[in-house]
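First the structure, in the form of C-alpha cells, and then the observations on it.
The values are calculated or read from the model by the stated rules, or taken from the named source; none is laboratory data. Just so it is clear, the model here is predicted, and its values are computed rather than measured. Here the Cβ positions follow ideal geometry from the backbone for every residue, glycine too, while neighbour counts run over all protein chains shown.
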Amino acid sequence: MAEFNFDEIIDRRGTGALKYDVLQERYGSSDLLPLWVADMDFATPHFIIEALEQRLKHPVLGYTITPDEYWQTLIDWLRNQHGWEVKREWLSYIPGIVKGIGMVLNVFTKPGDKVIIQPPVYHPFRLTPLGNKREVVYNPLIEEAGGTYRMDFEGLERLIDDRCKVLILSNPHNPAGIMWDEAQLKELAAICHRHHIIVISDEIHCDMPLFGHRHIPFATVSPEAAACSITFGAPSKTFNIAGVVSSYSIVPNPELRTPFYHWLEANEFGDAPIFSVIATIAAFQKGDAWRRAMLKYIEGNVEMVENFFATHLPQIKPWRPEASFLIWLDCRDLHLSQPELNRLFVEKARLALNDGEMFGREGVGFMRLNVASPRSVIEGALQSLLKAYQSL
C-alpha cells in the first residue's frame, strides 16, 4: 500500500467540486466538512490522469469512435472480477446511471405506470420516476437484527398489479452497503419475471467489496434474472472519476436490448465520449492493485469509526458496509427528531452528511457517512461530533 498515499489531504474547494462548492446552497453554510456525496477525497489514480494527459498531447479533439479495446476491457473486467461472461452485443455506453434509469422508463413505460423501489434507498430511484410522471410504489426493506436489511417478498407480491412495469434494484445497496445474497436475488428475479417487470439493477458500487464479501451480479443468478434485467455499472465510484461520465449498460435479453439500444442509438446516447473511453480502459486495465489498496484503507476507516462510536458515543451504531465507502449511521438511540439530528451534525459539529430521511421515511433516525477521505479527516470529524453531542 505504500505505493499509494491515501493520507494526502487535497484541497478541492474552488474546483467546481459538488461536494464542496454547494455547501452554502444545500446546508446553509460553506464552512462545513463535507462527508456526503459519494465521491472520494483521494487523488484519482495516477495511471488514469497520465492516460488522459497523454491523449491531450495531441492537438486535435475531434469526433472519435469507440475502439474495440474499450468493449474487450469491459468484458475482461466483468469476467475477472465477477465471473460474468458478458457478450459484446449485450453492452452499450450510457451517459450516467441515473440518466439511464430515466431512459429505460421512457422506452418501456408511459406516464401513470408504476415503478417499484425498496426504501431506504438512493433517492434518485424515487425522484427520476416522479420527474418522468411515473407513479412510485414502495416496498420497504425489512430491518434485521445486527444492522442489515432483507427484501420483503410477501409485500412485493401484494403490491404488484398490472400497472407495475419496472423495479429499481440497488445492488450493492445504497445507503446500507449490503451485498445481496444469491437466494434473495433469485427470489426477486422469479417474482419480477413472473409479473413481466423489468429490473434495473444499479451495480455502480459492485467493484468495492469489503471484509471478504463478494458481489453477485443480478443478471447471473438465474435465467429469469437474465431475461428481465437491465444492469448498469461504471468505474466512476471505484476509481474516483465521477466527473468523467463512464457508465455502461448490460442487457442479455434481446427483447429488452433491441428496443433500448435502438432508442439509445437513435438519440445518439450510446456513443462514449473520448475521455470516458480513455479513463475506463486505464482504470480497468491498470487499476486492480490501486483498487485493492484503496479498499484496504477504507476497511481501516470503517473499523476506526466502529471503534470510536463503541468507545465514546455508543448511542450511534454504524452498520458495517459490505461494499463501498458509505456507512449507514443508526442514530435512533440519541432520541432526537430528524431536524434535531441534522442540527447536531450541521450546526454544532459542522459536518455535512446525508440526511437519512432523503432515502425514504425508513431512514428517519439515520445519517449516511462517506469515509472515503484521509483517516485524519475522519478522525477529526468524529471528534467534532463527540464534542457537539457533549454540548447538548
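Candidates in segment 350-374 are the residues that are out of contact with any helix residue (DSSP H, G or I) (no Cβ under 6 Å at 6 or more places or on another chain) and part of a helix (DSSP H, G or I); of these, the one that is nearest to residue 210 (Cα to Cα) is 359.
The single residue among 112, 147 that is surrounded by fewer than 19 Cβ atoms within 10 Å (Cβ to Cβ), over 24 Å from residue 260 (Cα atoms) and either out of contact with any His (no Cβ under 7 Å at 6 or more places or on another chain) or not assigned by TED's automatic domain parsing to the domain that holds residue 208 (or both) turns out to be 147.
Count of segment 125-136 residues, restricted to those that are buried (at least 17 other Cβ atoms within 10 Å of the Cβ) and not in a loop (DSSP other than H, G, I, E, B), is 4.
Could you grab the pairs with beta carbons closer than 8 Å, sequence gap of 6+ or different chains, first residue in segment 299-323 and in contact (Cβ under 8 Å) with a residue 60 or more places away in the chain, second one part of a strand (DSSP E or B) and of a type in the set (Ser, Thr, Tyr)? These pairs meet every condition: 319/148.
Looking across segment 235-268, the residues that are of a type in the set (S, T, N, Q) and on the phi < 0 side of the Ramachandran plot come down to 236, 238, 246, 247, 249, 253, 258, 267. The number of residues in segment 163-207 being part of a loop (DSSP other than H, G, I, E, B), touching a Leu at 6+ places or on another chain (Cβ under 7 Å) and surrounded by 24 or more Cβ atoms within 10 Å (Cβ to Cβ) comes to 3. A single member of 386, 336, 344, 382 is part of a loop (DSSP other than H, G, I, E, B) and surrounded by fewer than 23 Cβ atoms within 10 Å (Cβ to Cβ), and it is 336.
When 219, 227, 234, 242 are screened for being of a type in the set (A, V, I, L, M), surrounded by fewer than 24 Cβ atoms within 10 Å (Cβ to Cβ) and touching a residue at least 40 places away in the same chain (Cβ under 8 Å), only 242 passes.
Quick check: is even one residue across segment 87-101 in a helix (DSSP H, G or I), without any contact (Cβ under 8 Å) to a residue 24 or more places away in the chain and acidic (Asp, Glu)? Within segment 87-101, not a single residue is in a helix (DSSP H, G or I), without any contact (Cβ under 8 Å) to a residue 24 or more places away in the chain and acidic (Asp, Glu).
For the residues 159, 141, the requirement of being touching a strand residue (DSSP E or B) at 6+ places or on another chain (Cβ under 7 Å), more than 14 Å from residue 363 (Cα to Cα) and at pLDDT 95 or above singles out 159. Could you check, for segment 335-351, whether at least one of its residues is touching a strand residue (DSSP E or B) at 6+ places or on another chain (Cβ under 8 Å) and among the β-branched types (Val, Ile, Thr)? Checking segment 335-351: at least one residue is touching a strand residue (DSSP E or B) at 6+ places or on another chain (Cβ under 8 Å) and among the β-branched types (Val, Ile, Thr).
Here's the yes/no breakdown for (1) among the β-branched types (Val, Ile, Thr); (2) within 26 Å of residue 15 (Cα to Cα); (3) assigned to a loop (DSSP other than H, G, I, E, B):
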| site | (1), (2), (3) |
| --- | --- |
| 232 | no, no, no |
| 237 | no, yes, no |
| 243 | no, yes, yes |
| 249 | no, no, no |
| 256 | no, no, no |
| 262 | no, no, no |
| 268 | no, no, yes |
| 271 | no, no, yes |
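Here segment 268-295 is the region considered, the condition is being of a type in the set (Lys, Arg) and in contact (Cβ under 8 Å) with a residue 60 or more places away in the chain, and the residue that is surrounded by the most Cβ atoms within 10 Å (Cβ to Cβ) is 291.
The selection criterion, being within 21 Å of the chain's Cα centre (by Cα) and not in a helix (DSSP H, G or I), does not hold for residue 314. Please find, within segment 27-61, the residue that is farthest from the chain's Cα centre (by Cα) out of those that are over 26 Å from residue 286 (Cα atoms) and either without any contact (Cβ under 8 Å) to a residue 24 or more places away in the chain or surrounded by 17 or more Cβ atoms within 10 Å (Cβ to Cβ) (or both). Residue satisfying both the conditions and the ranking: 30. Only residues that are closer than 14 Å to residue 197 by Cα and either outside the structural domain of residue 182 (by TED's automatic domain parsing) or not in a helix (DSSP H, G or I) (or both) were counted across segment 212-229, and they come to 1. Of the residues examined, residue 115 is not one that is free of Cβ contacts under 8 Å to residues at least 40 places away in the same chain, touching a helix residue (DSSP H, G or I) at 6+ places or on another chain (Cβ under 7 Å), of a type outside the set (Lys, Arg) and not in a helix (DSSP H, G or I).
Taken over segment 137-162, the residue count meeting the criterion of being more than 18 Å from residue 199 (Cβ to Cβ) and in a strand (DSSP E or B) is 4.
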